[in-house]
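Student: Sharing a structure here in structure tokens format.
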Amino acid sequence: MFESMALAATRLADPLALAMLMTGVVIGTTFGALPGLGSIVALSVVLPFTFGMDPMLAMFLYAGIMSSVTFGGSVPAILLNTPGTPPNAATCFDGYPMAQRGEGARAVAVSATSCLVGSVAGAVVTILLLPVIKPIVFAFGPPEFFWLVVFGLVMIAFASRANMVKGLIGGGIGILLSMVGYSDMYDSFRYTLGSNYLWDGIPLVPFVVGLFAVSELISYSARGGATLTAGQTAKINWRGQVSMGIMDVFSRPTQWLRASIIGAGVGIIPGLGGGVAAFMSYFVGMKRTTEPELYGKGSVEGIIASETANDAKEGGALLPTVAFGLPGSPDMAILLGAFVLHGMEPGPLMLRDHMDLIYALLFGIVVSQVATSGLGLIATPWLARLSILPSRWIAPIVLVLVFAGTYMVRTNIFDVGLAICAGIFGYIMRRYGFPLITIVIGYILGPLAEKSYLQSMQISDNSLMIFVTEPIALVLMILTVATIVVPIVAAWRKR
Amino acid sequence: MKSRLNGAFIWTVLLGLFVLLLVYVARGFPDLLRFTPNLAGYGTLAMIAILIVGNFYPKILRWTETTLQDLWGGGKTDEDATPEKVVPWPDVIRAIGYALGFLVSVFLFGFPAVTPVYVTLYLVVEAQVRFVWAALVGVFVTTLIVTGMVVLHVEVWAGIIPEFIPDYVGGSILPPI
């Protein structure tokens, strides 16, 4: 453990690693500050460019992005009442009223400091829990993994926005698409249509990039216009208040500690994103505070609650992602794809063979958060002005970069075609309310579920009883059923 | 019964047909390899059926509208940053047309030749940027891409037209499909 930590820490001192972190910080903050382009799109865009890169350096790049997106998103949330990413919505409640009364810079400083505190707390929770979770993961056999993957699939589909049926449909389609290609276990082809291109299945990078980045760019360029006007940004007062904002956070240890625990806890539960962490922390904070009347009217505590939880979630979400291959949050699904791209299989093998990379990611998140918070305070005025750039200025440049990046992964021009097809498919799915993230989850987890199922059947001599007779498997099965039943019963009782 | 034959309904039906086709094709797989496609396929078909019926009887969909996020006080998931503003289809088709046009042009003429023209054209026509600025951005983006490919030792895709400028325009070989 300490050897892996030392290795990761040593690599962090490498100038190239720091350059990667900083690149990630710039990309993440920019994508966070641009409403509509969150961490998922940012990670999707850089994913192909990391192919062939040293995995450790790639981890630093991802860490830089993941840690900086939420701060980037908080800037327009505070200054312009436009959350850059959905989890920043709770920050609008108090950040914007503060900006309106001329305390915008103080609110941004509170956000930057809260993000830093949250990131450190999330990373600490993960570092503390990793040794504990390791023996648990090794106790899991194929039937336990099967139920765990099914649990993850169901959980994530249920966590999808507004309509769980559409979430489940997306998950099902993702699983079906993951079946394309050659199965080495049974020396057989599925859904390849006689094409050589599909022998290895639908390639991950063009599929994910198309589904998220291209579909978003289609929407972005079709919409036209700019997010905000120059007049809106001109009202912002940038001077002073920064040290006051920093002190605001450090003088409220109870608030940020509570928010950190909630954020990290929510992050550990597969499928729940920063939105849940931020809102839950915000409402708990409101119930616990001595000044609940200030919430929603420019309360510093409100910003601490939402932004700390937002960033603490990242560390927590990493735990199920690396330990079980279950994404702790939607952006972790893309990270899961990145692990696969770099030849790593999340789960016991990753915990055994690639602990250094996990620590690199955690350390990277903390270090890049320090950079984000520091530089963010300086760069805030310029970041906010990104929102006035017309979307049609940005769209062609990002689109060309995305296509070139997709091509570079396998130097196969057909991958660009696949990315466009996935983009069109993704756009229509998004337009009609089907959550895209469940498709990717199904696509990534489907083969894992099938592999665990087939291995279980081999162990048990084709008896299905293996899935219910093992104690952990039974508990996971009950949890899966409860995940389906609880929201339905709750909805029924509510009405 | 109120009929609501909108785009969402048609798309759901198309998805249903697609999944049905996949389930049908799965009949030809070996026994154990059929299990997952069948499980996922029939499960998805059941959900699609619920959605289709719910289109006519919305009451049956109400129980599906509460999610864990709602129960636990969450907002939206990360993927939907802003509520999707419905954009008219002609605008969407135009955006898709630009993407497809880029693909076809790159396929024929390669990245180095098409990228500056595409970026410049798009910025001038769609974003009303002055030609000089648009061209500068186009050249910058192209330099970035080509330099990236050269630095990472990636073969620059030069298009399938006969070789025109060696290694940059034309002469690329199609991978097997």
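Derivation of every value follows stated rules applied to the coordinates shown; laboratory data play no part. In this text the structure is predicted, and so the values were computed from the model without any measurement. Heads up, the Cβs are rebuilt from the backbone with ideal geometry, glycines too, and the neighbour counts pull from every protein chain shown.
Student: Using the basic label-point model (7 angstrom from Cα toward the beta carbon), what is the B:L61 to A:D353 distance in nanometres?
Tutor: It works out to 4.5 nm between the two label points.
Student: Right, another one. Starting from the Cα of A:K297, draw a straight line to each of the aspartates and glutamates and keep only those under 13 Å, dropping any in the same chain fewer than 8 residues away.
Tutor: By straight Cα distance, A:K297 reaches A:D94, A:E103.
Student: Just want the ordering: A:D356, A:D415, from fewest to most Cβ atoms lying within 10 Å of their own Cβ.
Tutor: Ascending number of Cβ neighbours within 10 Å: A:D356, A:D415.
Student: Among A:F93, B:F56, which comes first, second and so on when ranked by fewest other beta-carbon atoms within 10 Å?
Tutor: B:F56, A:F93
Student: Between A:T254 and A:Q100, what FRET efficiency comes out of the Förster formula 1/(1 + (r/R0)^6) with R0 = 35 Å and r the beta carbon distance, rounded to 0.05?
Tutor: 0.80
Student: Quick one: length gained pulling B:V117 to B:R130 fully straight, 0.36 nm per residue minus the C-alpha distance?
Tutor: Full extension from B:V117 to B:R130 adds 3.3 nm.
Student: Right, next: Based on the Cα atoms of the protein assembly as shown, what semi-axes does the equivalent ellipsoid have, where each is the square root of 5 times one gyration tensor eigenvalue, given in whole Å with the largest first?
Tutor: Over the Cα atoms of the protein assembly as shown, the ellipsoid semi-axes are 35, 33, 26 Å.
Student: Further question on the same structure: Which value, in Å³ per residue, describes the convex hull spanned by the Cα atoms of the stretch B:7-71?
Tutor: Spread over its residues, the Cα hull of the stretch B:7-71 gives 98 Å³ apiece.
Student: Just grab the label-to-label distance for A:A13 and A:E291, each label 7 Å out from Cα along the Cβ direction, in nm (one decimal).
Tutor: 4.5
Student: While we're here: Need one value for A:332-343: mean number of C-beta atoms belonging to other chains within 10 Å of its residues' C-beta atoms.
Tutor: The shielding value for this peptide is 0.
Student: Something else about it: Normalised by the residues of chain A, what does the relative contact order come to in percent, with Cα pairs under 8 Å and at least six apart?
Tutor: 29
Student: For the residue pair A:M53 and B:V151, what label-to-label distance in nm results when each label sits 7 Å from Cα along the Cα-to-beta-carbon direction?
Tutor: 1.1
Student: Now for a different question. Running Debye on the stretch A:1-142 with equal point scatterers at the Cα sites and no solvent, what base-10 log of I(q)/I(0) appears at q = 0.16, 0.22 Å⁻¹?
Tutor: Treating every Cα as an identical point scatterer, log10 I(q)/I(0) equals -0.93, -1.23.
Student: When the chain is fully extended, how far beyond the present Cα-Cα distance does A:R493 get from A:D461, taking 0.36 nm per residue of separation?
Tutor: 7.2 nm
Student: What does the charge add up to near A:S183, with Lys and Arg as +1, Asp and Glu as -1, over the other residues with Cβ less than 14 Å from its Cβ?
Tutor: Residues near A:S183 contribute -2 overall.
Student: Could you list A:T192, B:T115, A:T10 so that the one with the fewest beta carbons within 10 Å of its beta carbon is first and the one with the most is last?
Tutor: A:T10, A:T192, B:T115
Student: Please compute the length gained on full extension between A:L193 and A:I478, using 0.36 nm multiplied by the number of residues separating them and subtracting their Cα-Cα distance.
Tutor: Contour length minus the Cα-Cα distance gives 98.7 nm.
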